[in-house]
Every structure is written in structure tokens, then in C-alpha cells.
Amino acid sequence: MFFDGSSPKHNHYFKKCPYESVDIYRILKLFEVTDPCLQHAIKKLMVAGGRGSKVVSQDVQEAIDTLERWKSMRNEEEITT
């Protein structure tokens, strides 16, 4: 619910949070993201270019690389089942 008592249109994007502040690890837990590849890509995108050592494009490319690996892992799993 929003402050005015209404419900969000896409409420699956909203999670109740009892904490004053959260970090990426708490967000991943609240949204039940358990796959390590997805966790890594989300973490890269959440702070793309904001850590000082890499530019946005490098962080985004690393997230893309991780998601490509996620896809290849799904293909590997389909082959073995």
C-alpha cells in the first residue's frame, strides 16, 4: 500500500520492508532472487558506474556477460535432462 492507502498497480514489484535502510543483499533476499548469476547481474546493474573503479558501460557489459552465462547454463541443463 502507498501512503494514501491505495495499492500499487504492479504490487509484485513492492515488498514490505521493516528496515530503515537496505543494501543489495537485503533486496535480493526480499525479492527471493536465489540464482547466483542473476544476483551478480542485478548487483552490477544496481550500482553501474557508481563504485568508482568502472564506467557504466563496463558494469553493464559484465551484467550482460553474466546473463549470457545464465542462458548457457539453462541450455546445459536441458541437454542433461
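Every number in this text was worked out from the coordinates using simple rules, so none of it is lab data. None of these values were measured; they are calculated from a predicted model. Note that we place each Cβ from the backbone using ideal geometry, even for glycine, and neighbour counts take in every protein chain shown.
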Filtered hits (lysines, Cα-Cα < 21 Å from Lys29, offset >= 8 within chain) -> Lys15, Lys16, Lys43, Lys44
Please arrange His10, His40 by how many other C-beta atoms lie within 10 Å of their C-beta, fewest to most. His10, His40
Most mobile listed residue (Asp59, Asp35, Asp23) in the chain, GNM with C-alpha springs under 10 Å: Asp23
So if we plug the beta-carbon distance of Arg69 and Glu20 into 1/(1 + (r/R0)^6) with R0 = 35 Å, what FRET efficiency do we get, rounded to 0.05? 0.50
Cβ-based net charge around Ser57, under 15 Å, with every Lys or Arg adding one and every Asp or Glu removing one: 0
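May I ask you to sort Glu78, Glu20, Glu62 by Cβ crowding, counting other Cβ atoms within 10 Å and putting the fewest first?
On the way: Glu78 8, Glu20 5, Glu62 16.
Ordered by Cβ neighbours within 10 Å, fewest first: Glu20, Glu78, Glu62.
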Calculated SAXS-style log₁₀ I(q)/I(0) at q = 0.10, 0.18, 0.19 Å⁻¹ - the chain, Debye, Cα scatterers: -0.37, -0.91, -0.95
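When Cys37, Cys17 are ordered from fewest to most other Cβ atoms inside 10 Å of their Cβ, what list results?
On the way: Cys37 18, Cys17 11.
So the ranking, lowest neighbour count to highest, is Cys17, Cys37.
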